[in-house]
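Everything on this sheet refers to the single structure shown next.
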Amino acid sequence: MSTLTDHHYSIFAISDAALTIDFGNEIHSSLNQKVIALNHCIYSHPFAGFIETVPAYSSLTVFYDVYLVKQSISTEYTAFEIVKTYLEKALSGIQTSAKAESRLVKIPVCYGGSFGPDLDWLCNFTGLNAASIIELHTSVTYQVYMTGFLPGFPYMGIVNENIAAPRKNEPSLKVAAGSVGIAGKQTGIYPLDSPGGWQILGRTPLRLFDPERNEPVLIKAGDQVRFYSIDEHAFNNWEG
Amino acid sequence: MSIRIIKPGLLSTIQDLGRLGFRNTGINVNGVMDVFAAKSANLLICNEENEAVIEMHAPGSTLKFEEDALIALAGADFAVTINDIQIDTWRPIWVKKESILRCNGAMVGKRLYLAVHGGFDIKQWLHSSSTNLKAGCGGWQGRALQKEDVLPFRKSCRFYFQTESSVHVFPWKVSESELPFYSKHPTIRFIPGHEWEELAPTSKSLFLNKGFTVKKESDRMGYRLLGPPLERQKSRELLSSAVSFGTVQLLSDGQLIVLMADHQTTGGYPRVAHVISVDLPLLAQLKPGDELRFLPIDLKTAEEALLSQVKFFRQLKLACQLKLEPILLC
């Protein structure tokens with residue numbers, strides 16, 4: 001059983017009230033699993049002055065209240081050093097095999113046409129027909145590495161290399177909410193209308209972000225996602 | 001029991017100290033740009049420091065009080081008048097019903113905060129009253145204040161206090177020596193970012209010694225700075241990770257952007273520097289054309305400055321309670 005300390009990491013400040021632990025500048029599921037496991041560990045045993053975390057591909061950022069951290073321990077150490085020590089201790093205690101059960105979210109997508117304005121481009125780029133691209137995009141269960149950029153925007157991977165594609169040179173001024181896109185080996189979903197540079201293959205009728213819901217954001221880091229294809233009729237009549 | 005917006009001003013929004021706990025889902029923190037001013041305005045009138053306030057940008061709003069109110073103004077000097085009487089910032093002010101508050105300009109500074117005793121009666125979204133303009137959520141209907149909006153107070157107040165005048169400015173204020181030194185040419189202290197060491201030596205020297213001008217493409221999300229282009233010794237792509245209020249990023253054209261209150265939760269540009277918390281208010285008050293310089297300090301010093309500010313706010317809170325409690329009847 002391997003522990004999470006088998007790999008190198010660095011810890012550095014990203015403000016005078018936040019630090020990041022970075023496991024390597026690489027998109028890799030094992031690194032991200034470490035991030036997610038450490039994240040769970042912090043939320044189950046938070047330290048005094050803990051505010052919140054942001055998991056990312058290969059890093060976890062911890063925000064804290066400097067005053068409360070300092071007040072919790074009588075020491076000359078800085079709040080940064082106190083939180084760093086806490087993190088290192090937490091890290092040594094967790095094991096990859098102990099990762100939390102992840103949730104599978106199924107996402108219906110209407111591919112192509114006006115919902116997927118870049119599907120034709122991707123056909124040209126890859127030499128594959130639309131059906132093959134859809135088949136490849138829906139045949140993988142993706143890991144959600146992180147949520148960022150917009151409220152509820154999930155960064156997922158790893159996309160089959162035959163349909164991996166670069167970002168647009170000029171971002172589109174408006175990508176519609178629900179648009180499902182590819183950038184490199186990542187796939188993602190735009191929760192809001194937004195400018196964006198990802199290649200858009202289709203659109204989901206699901207609301208990734210709904211401020212009225214108890215949980216406004218549908219997909220979170222650590223979840224798993226599987227896409228499935230629906231037709232335009234199903235999209236237009238989608239309920240819920 | 002309310003304030004009516006007569007003229008909306010450039011951009012007035014409801015903000016508190018931000019929406020914490022949801023950054024991991026990509027939901028922005030938002031909140032006031034000038035934390036020092038917002039906290040001071042609240043504490044001056046015996047509110048909790050996190051109470052929602054109106055953040056105004058120059059030119060500010062014209063407001064009408066539809067009820068007697070105890071208020072405080074803090075931040076930039078907008079040459080405010082109430083019923084044509086000049087009003088000082090950083091003080092508690094008692095305002096009679098039907099009074100009109102006007103902003104008549106701003107010489108130095110960009111943002112002014114108005115707090116009302118008891119706060120505004122606003123439905124919170126995710127435990128915060130801050131406005132998220134991009135998502136159209138939180139604050140006042142998820143948007144900037146508009147003409148004829150009527151913001152209700154949470155409670156009505158009576159005071160053990162008599163005056164003939166329509167406005168009374170109390171004779172105490174936040175000590176001048178404690179106020180941030182708002183300037184068009186501030187020195188902003190920073191701790192080095194993770195990619196600081198990747199800067200070419202000449203670029204480090206330029207960063208430390210040259211002035212950087214705030215460009216007009218600057219807003220609550222971030223300030224774009226105009227300065228000598230900076231270079232990294234070698235360029236490598238960075239994966240996205242969390243960023244924070246005050247993170248200074250190096251863009252691919254060699255120019256800098258400082259992330260402000262409405263920043264995205266994550267970013268992938270090299271992090272050259274992080275502005276220390278206590279100097280963020282100096283940044284928050286800059287206008288396009290203003291020029292700042294950067295001064296490096298270590299993390300321990302940054303933390304100490306933050307801790308001494310926490311101490312200051314505790315003292316301010318106690319002092320204001322002692323002064324105001326005898327005359328507050330609510």
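Relative to 2.2 N^0.38 Å, what does the C-alpha radius of gyration of segment A:4-98 come to as a ratio? Two decimals please. Provide the component values of the computation, followed by the final result.
Values: Rg = 12.8 Å, N = 95, 2.2 N^0.38 = 12.4 Å.
Rg over 2.2 N^0.38 Å, computed on Cα atoms: 1.03.
When a/c reaches 1.5 or more, the comparison of a/b and b/c decides; with that in mind, is segment B:107-186 rounded, prolate or oblate per its Cα gyration tensor?
Oblate, since a/c reaches 1.5 and b/c is not below a/b.
Relative contact order for segment A:104-236 using alpha-carbon pairs under 8 Å, separation at least 6, rounded to a whole percent? Write out the running numbers ahead of the final one.
Working: 319 pairs, mean separation 47.8, N = 133.
After rounding, I find 36 percent.
Considering only DSSP states other than H, G, I, E and B, which GluC sites (Glu not before Pro) in segment B:79-180 qualify as loop sites with at most 13 other Cβ atoms within 10 Å? List each step's numbers first, then the result.
On the way: sites: B:98, B:148, B:164, B:176, B:178; in loops: B:98, B:148, B:164.
Answer by residue number: B:98, B:148, B:164.
Say each of residue A:102 and residue B:236 gets a label point 7 Å from the Cα, pointing the same way as Cα to Cβ; how far apart are those two points in nm?
That separation, rounded to one decimal, is 2.5 nm.
So for segment B:187-297: antiparallel DSSP bridges make up what percent, rounded to the nearest 5?
Antiparallel: roughly 85 percent of the beta bridges in segment B:187-297.
So for the protein assembly as shown: antiparallel DSSP bridges make up what percent, rounded to the nearest 5? The partial results should precede the final answer.
On the way: 95 of 105 bridges.
Approximately 90 percent, going by the DSSP bridge assignments.
Name the chymotrypsin sites (Phe, Trp or Tyr not before Pro) in segment B:75-114 that are in a loop by DSSP and that have at most 13 other C-beta atoms within 10 Å, would you? Intermediate results must be reported in sequence, preceding the final value.
Values: sites: B:78, B:90, B:94, B:113; in loops: B:78, B:90.
Taking segment B:75-114 and a limit of 13 other Cβ atoms within 10 Å, no loop chymotrypsin sites (Phe, Trp or Tyr not before Pro) are found.
Report, ordered by chain and residue number, the lysines lying within cross-link reach of residue B:97, taken as a straight Cα distance under 21 Å and ignoring same-chain residues fewer than 8 apart.
Once the sequence-local lysines are set aside, what remains near residue B:97 is B:7, B:64, B:147, B:155.
Of A:168/B:215; B:39/B:184; A:84/B:39; B:39/B:204, which pairs sit farther than 24 Å apart, going by alpha carbon to alpha carbon?
Correct reply: A:168/B:215; A:84/B:39; B:39/B:204.
Please compute the volume of the convex hull spanned by the alpha-carbon atoms of chain B and report it per residue in Å³.
Values: hull volume 40.5 nm³, N = 330.
Dividing the Cα hull volume of chain B by its residue count gives 123 Å³.
Of the trypsin sites (Lys or Arg not before Pro) in segment A:186-240, which ones lie in a loop per DSSP and count no more than 15 other C-beta atoms within 10 Å? Don't jump to the answer; show the numbers that get you there.
Details: sites: A:203, A:207, A:213, A:220, A:226; in loops: A:207, A:213, A:220.
For trypsin sites (Lys or Arg not before Pro) across segment A:186-240 that sit outside H, G, I, E and B with at most 15 neighbouring Cβ atoms in 10 Å, the list reads A:213.
Between 0 and 90 degrees, rounded to the nearest ten: what's the tilt of helix B:35-44 against the longest Cα principal axis of chain B?
20
Mind giving me the FRET efficiency for residue B:165 and residue B:127? R0 is 41 Å, r the Cβ-Cβ distance, nearest 0.05 is fine.
Working from the Cβ atoms, E equals 0.55.
What percentage of all Cα-Cα pairs in the protein assembly as shown are separated by more than 38 Å?
Values: 56384 of 162165 pairs.
Here the tail beyond 38 Å accounts for 35 percent of pairs.
Using alpha carbons only, how many angstrom separate the centre of segment B:28-104 from the centre of segment A:130-185?
If you average the Cα positions of each part, the centres end up 46 Å apart.
With Kirkwood's inverse mean 1/r over C-alpha pairs for Rh, give me the Rg to Rh ratio of segment A:104-236, two decimals please.
0.93
If you take the C-alpha gyration tensor of chain A, multiply each eigenvalue by 5 and take the square root, what semi-axes do you get, largest first, in whole Å? Mind showing how you got there, number by number?
On the way: eigenvalues 280, 68, 51 Å².
Semi-axes (√(5λ), whole Å): 37, 18, 16.
We did not get these values from a lab; they are worked out from the coordinates using the rules stated. All values derive from a computational prediction rather than experimental measurement. Don't worry about glycine lacking a Cβ; one is built from the backbone with ideal geometry, like all the others, and counts go over all protein chains shown.
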